[in-house]
1. Considering the stretch 180-214 alone, what residues qualify as being assigned to a loop (DSSP other than H, G, I, E, B) and acidic (Asp, Glu)?
2. Could you list all residues from the stretch 114-139 that are surrounded by fewer than 24 Cβ atoms within 10 Å (Cβ to Cβ), part of a helix (DSSP H, G or I) and under 17 Å from the mean Cα position of the chain (by Cα)?
3. When the residues of the stretch 168-187 are filtered to those that are crowded, with 24+ Cβ neighbours inside 10 Å and small (Gly, Ala, Ser), which remaining residue is nearest to residue 199 (Cα to Cα)?
4. Quick check on residue 168: is it in a helix (DSSP H, G or I), in contact with a helix residue (DSSP H, G or I) (Cβ under 8 Å, 6 or more places away or on another chain) and not β-branched (Val, Ile, Thr)?
5. Among the listed residues 295, 337, 330, 326, which satisfies the condition of being on the phi > 0 side of the Ramachandran plot and either within 13 Å of the chain's Cα centre (by Cα) or surrounded by fewer than 23 Cβ atoms within 10 Å (Cβ to Cβ) (or both)?
6. Looking only at the stretch 12-51, filter to residues that are assigned to a loop (DSSP other than H, G, I, E, B) and of a type in the set (Lys, Arg); which one of those is nearest to the chain's Cα centre (by Cα)?
7. Sort through 338, 348, 361, 355 and tell me the only one that's within 25 Å of residue 170 (Cβ to Cβ) and modelled with pLDDT of 95 or more.
8. Does the stretch 199-221 contain at least one residue that is free of Cβ contacts under 8 Å to residues at least 40 places away in the same chain, within 25 Å of residue 140 (Cβ to Cβ) and under 18 Å from the mean Cα position of the chain (by Cα)?
Amino acid sequence: MAGISGDVWRAEYDRSGDPKREPGPIELNRYLANPVAPGGIPTFMRWPVCLTPEDLKAGEVDVAVIGAPLDLATGQRGTAFGPQALRTADRYIPGGPAAGGVMTHTHVVVKPFEVLKCVDYGDAGIDPFDPVASHEEVRKRVREIAEAGTIPITLGGDHSLMRPDGQAMADVYGKGKVGIIHFDAHYDAGTNHFGHTITHGTPVRNLIDEGHIPGKNFIQIGLRGWIPFEDDMEWMRNQGIKSHYMAEVERDGFDKVMERAIAEALDGPEYLFISFDIDSLDPAYAPGTGTPEPGGFTTREMFPMVRRLCAECNVVGMELVEVGPGWDPGYTTALNGLRIIQEAITGLAMRKLGLTEPHYLDPRTSGQDPVEGQRTD
């Protein structure tokens with residue numbers, strides 16, 4: 001049997017024979033609204049699709065998600081199914097073009113999907129036998145989204161994706177000009193895993209050693225479990241990485257640690273990228289991941305943190321990684337992963353609307369503005 005040869009996995013489909021069309025987002029929904037969440041073609045939140053940078057530019061797109069179904073750089077296979085799971089995570093919110101008009105975020109009373117133009121950019125090509133070659137294609141696709149003036153959100157995939165995503169951000173905004181907010185149970189700054197230097201446990205060191213992101217502009221939140229090796233901890237300190245362990249949260253409380261992290265994010269580079277490993281949440285909220293670590297954040301803690309970062313800081317990209325739906329007996333992990341992305345997009349919409357004050361909440365829903373039948377004391 002003949003094999004599949006060469007780089008066919010990243011060879012683009014020849015569209016010369018397709019009907020001619022003007023550039024712009026492609027609406028795949030037949031109906032204005034699907035009354036049930038499973039209805040329609042499963043793009044992310046049933047958004048329109050863009051296939052080229054010209055589509056993004058013509059549509060004046062604000063946010064584009066792109067899947068990166070890669071799990072070659074982790075010993076726990078299964079996160080390659082993460083993008084698919086995140087695209088189909090909703091169980092009750094209807095899809096279709098009209099859906100954005102009914103989705104109002106309760107805490108801030110903003111309709112994020114009316115404020116922002118959002119699309120699904122499909123998946124980056126993945127070589128199922130070569131993570132490094134796969135990284136090159138992910139970097140290329142994320143870069144072309146950012147170069148079009150659109151904010152990329154990568155759906156992973158394992159956490160080695162921080163490397164090509166961070167590279168793409170540095171390509172567009174300049175080396176040393178982008179900081180990373182890194183939510184994770186693990187430090188991901190090891191030298192290698194079993195001799196391999198490109199893994200889901202090494203992307204922090206990869207990006208710093210390659211000169212893309214300065215160590216002083218890395219902010220880590222949620223580290224816990226088994227401590228890094230002593231030489232890795234020393235290397236992290238020498239690089240100026242700011243690591244907020246759960247021990248700090250235990251000592252000082254989440255609110256204080258959150259304020260410190262936001263202050264650090266604002267006191268540094270002009271541009272920020274959020275790298276969110278789903279295992280930063282406690283396994284009670286995200287059991288579907290290859291490296292679950294008890295004692296993590298609750299969703300009630302994490303949702304406002306992500307929303308605030310995107311509202312109060314200049315976030316230019318994001319990734320959500322390590323969702324392994326096959327390890328989840330329900331759909332909790334993908335559901336909460338989807339909500340993390342929705343919180344981020346809500347924050348981006350707030351920023352566009354000028355709602356950037358610290359921890360903004362709408363007075364009508366937060367008890368600041370008396371409403372009939374609502375307590376304010």
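The values are calculated or read from the model by the stated rules, or taken from the named source; none is laboratory data. Here the structure is a predicted model, which is why all the values come from computation and not from measurement. Note that we place each Cβ from the backbone using ideal geometry, even for glycine, and neighbour counts take in every protein chain shown.
1. Taking the stretch 180-214 as the starting set, the residues that turn out to be assigned to a loop (DSSP other than H, G, I, E, B) are 184-192, 194-195, 197-202, 210-214.
Scanning the stretch 180-214 gives 184, 188, 210.
2. Across the stretch 114-139, the qualifying residue is only 139.
3. In this case the residue turns out to be 185.
4. Working: in a helix (DSSP H, G or I): yes; in contact with a helix residue (DSSP H, G or I) (Cβ under 8 Å, 6 or more places away or on another chain): yes; not β-branched (Val, Ile, Thr): yes.
So residue 168 fits the description; yes.
5. Unique residue meeting the criteria: 295.
6. Going residue by residue through the stretch 12-51, those that are assigned to a loop (DSSP other than H, G, I, E, B) are 12-25, 27-33, 35-43, 47-48, 50-51.
Next cut, of a type in the set (Lys, Arg) only: 15, 20-21, 30.
Numbers: 15: 30, 20: 34, 21: 31, 30: 29 Å.
Among residues in the stretch 12-51 that are assigned to a loop (DSSP other than H, G, I, E, B) and of a type in the set (Lys, Arg), the one nearest to the chain's Cα centre (by Cα) is 30.
7. Details: 338 fails: within 25 Å of residue 170 (Cβ to Cβ); 361 fails: within 25 Å of residue 170 (Cβ to Cβ); 355 fails: within 25 Å of residue 170 (Cβ to Cβ).
Being within 25 Å of residue 170 (Cβ to Cβ) and modelled with pLDDT of 95 or more holds for just one of 338, 348, 361, 355, which is 348.
8. yes
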